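Trainee: The structure under discussion is supplied below as structure tokens; questions concerning it will follow.
The values are calculated or read from the model by the stated rules, or taken from the named source; none is laboratory data. These figures come from a predicted structure and were not determined experimentally. Cβ atoms come from the backbone with ideal geometry, glycine included; neighbour counts cover every protein chain shown.
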Amino acid sequence: MEETIDIKDLIRLLLSKLWLLILITVIGGAAGFGISKTILPLEYSSHITMYVQSYYGGGQNNNENNISNSKQLVNTYMEVLKDDAVMNAVGDLLTEQYEEYVLNQNFSYINGKINPASIRSCLSISSVTDTSAVNIKATAKNPEIAAAICNNLTNVAPEFVQNAVGVGSINTIDQAKVYNTPVAPNTMKNTLLGAIAGFMITALIIFLVDFFDNTVKDPDYISERYKKAIIGEIQQFENGKKKKKKSDKNKGYDSTDYVKLSDKNVPFSVVESYKSIRTNISFALSTADKKIFAVSSANPGEGKSTTSANIAIAIAESGKKVLLIDADMRKSMQHKIFGLKNKKGLSTAISKMNNVEDCIQKSIVKNLDIMTAGPIPPNPSELLASKNMDELIEKLGEQYDNIVIDTAPVNIVTDAMELSNKISGIVMVLRYAKTTNDDIDNVIKKMDFAQLNVLGFIINGIKIKRSGKYYSGGSYYYKKGYGYYGAKAEPETEEKNKEKDKK
């Protein structure tokens, strides 16, 4: 599949990092200002104009010819003025005029001689268009040195020009003056350049990071790449019920972990997202004999346990009898999410240490029963693949309309694949900006090998903008719906609507 770059996507990408662009731009400008004021030395400039004549003569015609011929000699004279011999002559005069410490401050001064290249670097020699004039400009850290370079050059130039070219002459009509106003550094210019450099470098880094970022951000891209449906998109939100522990942060959990649809202050948009997921799963299972499916993720910390719990709650709220099984016996979470005891559960039921009915905790939420994982066994994969597990699922399938199974991450262990002949499919939870395409590639390969049907993807933890829109892979998605945003939806709304329809 070919990827195209849209200029609008690039602009939106920059807008999503606008605060960073502004910050680095300000820092770059401040750096340019600070360097100009504290580090860069002051520089002073002086100038003088020299005039080229090709020969001497009287009369108007001779003067016109003189100017015309002089223009032809200008470029030759300019090259002569830059020669090392001329620079050495200027340097000798400067050595006679100034103390050694002054010369050291302005030039490369070694063994009593000024390096001709260091004098030449101070000079700017240019011709004036359509004239026979040559502009000489010198810049140095000392204003007197700048003027002396110009004046010394005009003093030695006629002799060298005559010896080198032998035609015409070069004259001046004034002396270079000392200007005590510095011409550099240009604080305003350097500040602007620093700000522009900061902006450009930051923008380049943002583009490079985005270009090499292969995490899940664009639902459409994921759907097209893997030819699987996007069952739902769950937004990241702050519940306000409890603060996230530092230890949880290290494990990869975010603020949505352990938040159930039955809790208070769950945003309306999140409730609607799970209702949409419930509907999409119902369509996906409509042709399946077993209304049993698993929920997993590629890696830990992507929210599959919380998503499993909320999907089960959403289905139960529709009036169906639902069983939620925690089959992640290595790192069980459902008993923590619902605040249940975990002394009995799936592991003791499969091993027949307890009766199945004793391992099910009834009506935790209306129409929802839960079987926790139970004590951690030494062989979770073998238990899930066992004949006892087949019998357990078959028996429970007759008692419930839907069974939701929370399984261990697919890229970590093989537990989910052991259920391939027991379920109708699996829903994969992807973490926004965390799960990578490589992670999904590995999941799809394992699912294909196990001949396990992937019902679709749920993208979890999508970041919300305050304006009500979120950025996802270069696109803004606008979430609109009926009702009051942030209001808790009533669990029995659908039942009430049905009763009204009957009336």
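Trainee: Just checking, does the range 103-125 include any residue being in contact with a Phe, Trp or Tyr (Cβ under 8 Å, 6 or more places away or on another chain) and in contact (Cβ under 8 Å) with a residue 60 or more places away in the chain?
Mentor: Looking through the range 103-125, none of the residues is in contact with a Phe, Trp or Tyr (Cβ under 8 Å, 6 or more places away or on another chain) and in contact (Cβ under 8 Å) with a residue 60 or more places away in the chain.
Trainee: Yes or no: G301 in contact with a Phe, Trp or Tyr (Cβ under 9 Å, 6 or more places away or on another chain) and modelled with pLDDT under 95?
Mentor: On the way: in contact with a Phe, Trp or Tyr (Cβ under 9 Å, 6 or more places away or on another chain): yes; modelled with pLDDT under 95: yes.
The answer is yes for G301.
Trainee: May I pose another question? Go through I231, I201, I206 for me and flag whichever is under 30 Å from I462 (Cα atoms) and part of a strand (DSSP E or B). Please lay out each step first, then the result.
Mentor: Details: I201 fails: part of a strand (DSSP E or B); I206 fails: part of a strand (DSSP E or B).
Among I231, I201, I206, only I231 is under 30 Å from I462 (Cα atoms) and part of a strand (DSSP E or B).
Trainee: Return the residue satisfying two criteria in turn: it lies in the range 425-466 and is among the small types (G, A, S) and either more than 16 Å from I311 (Cα to Cα) or surrounded by fewer than 18 Cβ atoms within 10 Å (Cβ to Cβ) (or both), and of such residues it is modelled with the lowest pLDDT. Full working, then the answer.
Mentor: Initial filter on the range 425-466 (among the small types (G, A, S)): 425, 433, 450, 456, 461.
Within this subset, residues satisfying the condition of being either more than 16 Å from I311 (Cα to Cα) or surrounded by fewer than 18 Cβ atoms within 10 Å (Cβ to Cβ) (or both) are 433, 450.
Values: A433: 91, A450: 94.
Top of the filtered list is A433.
Trainee: Now a separate question. Name the single residue that is nearest to the chain's Cα centre (by Cα) among those in the range 155-212 being loosely packed, with under 15 Cβ neighbours inside 10 Å and among the acidic types (D, E).
Mentor: The selected residue is D174.
Trainee: Another question, if that's okay. Scan the range 399-419 and give yes if some residue there is among the small types (G, A, S) and over 22 Å from D448 (Cβ atoms), otherwise no. Break it down into steps so the answer makes sense when it comes.
Mentor: So in the range 399-419, the residues among the small types (G, A, S) come out as 408, 416.
Now narrow it down to the ones that are over 22 Å from D448 (Cβ atoms): none.
So far as the range 399-419 goes, no, none of its residues is among the small types (G, A, S) and over 22 Å from D448 (Cβ atoms).
Trainee: Just give me the residues in the range 321-349 being small (G, A, S) and either in a helix (DSSP H, G or I) or more than 43 Å from the chain's Cα centre (by Cα) (or both), in sequence order. Steps first, please.
Mentor: Here is the first cut: in the range 321-349, the ones small (G, A, S) are 327, 332, 339, 345, 347, 349.
Selection gives G345, S347, A349.
Trainee: Turning to a different aspect of this structure: So, in the range 149-188, exactly how many residues are part of a helix (DSSP H, G or I) and either of a type outside the set (D, E, K, R) or outside the structural domain of L94 (by TED's automatic domain parsing) (or both)? Let's see the steps before the verdict.
Mentor: Narrowing the range 149-188 to residues part of a helix (DSSP H, G or I): 149-164, 187-188.
From what's left, either of a type outside the set (D, E, K, R) or outside the structural domain of L94 (by TED's automatic domain parsing) (or both): 149-158, 160-164, 187-188.
Of the residues in that region, 17 qualify.
Trainee: Please verify whether the range 290-302 includes one or more residues that are over 15 Å from A408 (Cβ atoms), in the same structural domain as P409 (by TED's automatic domain parsing) and buried (at least 24 other Cβ atoms within 10 Å of the Cβ). Before you say what the answer is, go through the steps one by one.
Mentor: Taking the range 290-302 and keeping what is over 15 Å from A408 (Cβ atoms), we get 290-293.
Okay, now just the ones that are also in the same structural domain as P409 (by TED's automatic domain parsing), so 290-293.
Restricting the remaining residues to those that are buried (at least 24 other Cβ atoms within 10 Å of the Cβ) gives none.
No: the range 290-302 contains no residue that is over 15 Å from A408 (Cβ atoms), in the same structural domain as P409 (by TED's automatic domain parsing) and buried (at least 24 other Cβ atoms within 10 Å of the Cβ).
Trainee: I've got another one for you. Being under 29 Å from the mean Cα position of the chain (by Cα) and part of a helix (DSSP H, G or I) is the filter; apply it to the range 261-273 and report the residue that is surrounded by the most Cβ atoms within 10 Å (Cβ to Cβ). Quick ask: steps written out before the conclusion?
Mentor: Narrowing the range 261-273 to residues under 29 Å from the mean Cα position of the chain (by Cα): 267, 269-270, 273.
From the residues that got through so far, the ones that are part of a helix (DSSP H, G or I) too are 269-270, 273.
Details: S269: 19, V270: 21, S273: 23.
Top of the filtered list is S273.
Trainee: Looking at the range 350-391, which of its residues are under 48 Å from the mean Cα position of the chain (by Cα) and assigned to a helix (DSSP H, G or I)? Explain how you work it out, then say what you get.
Mentor: First pass over the range 350-391, keeping only residues under 48 Å from the mean Cα position of the chain (by Cα): 350, 359-386, 389-390.
Listed by number, the residues that qualify are I350, C359, P380, S381, E382, L383, L384, A385, M389, D390.
Trainee: Of these, D92, D130, which one is out of contact with any Cys (no Cβ under 7 Å at 6 or more places or on another chain) and in a loop (DSSP other than H, G, I, E, B)? Before you say what the answer is, go through the steps one by one.
Mentor: Details: D92 fails: in a loop (DSSP other than H, G, I, E, B).
Going through D92, D130 in turn, the sole match is D130.
Trainee: Still on this structure, I have one more. Please indicate, with yes or no, whether at least one residue in the range 75-87 is part of a loop (DSSP other than H, G, I, E, B) and surrounded by fewer than 18 Cβ atoms within 10 Å (Cβ to Cβ).
Mentor: The first filter runs over the range 75-87 and keeps only residues part of a loop (DSSP other than H, G, I, E, B), leaving 82-83.
Checking which are surrounded by fewer than 18 Cβ atoms within 10 Å (Cβ to Cβ) leaves us with 82-83.
For the range 75-87, residues part of a loop (DSSP other than H, G, I, E, B) and surrounded by fewer than 18 Cβ atoms within 10 Å (Cβ to Cβ): present.
Trainee: For the range 392-420, which positions are part of a loop (DSSP other than H, G, I, E, B) and not acidic (D, E)? Even if it seems obvious, please write down each step before you answer.
Mentor: Step one: of the range 392-420, the residues part of a loop (DSSP other than H, G, I, E, B) are 400-401, 407-415, 420.
Matches in the range 392-420: Y400, T407, A408, P409, V410, N411, I412, V413, T414, S420.
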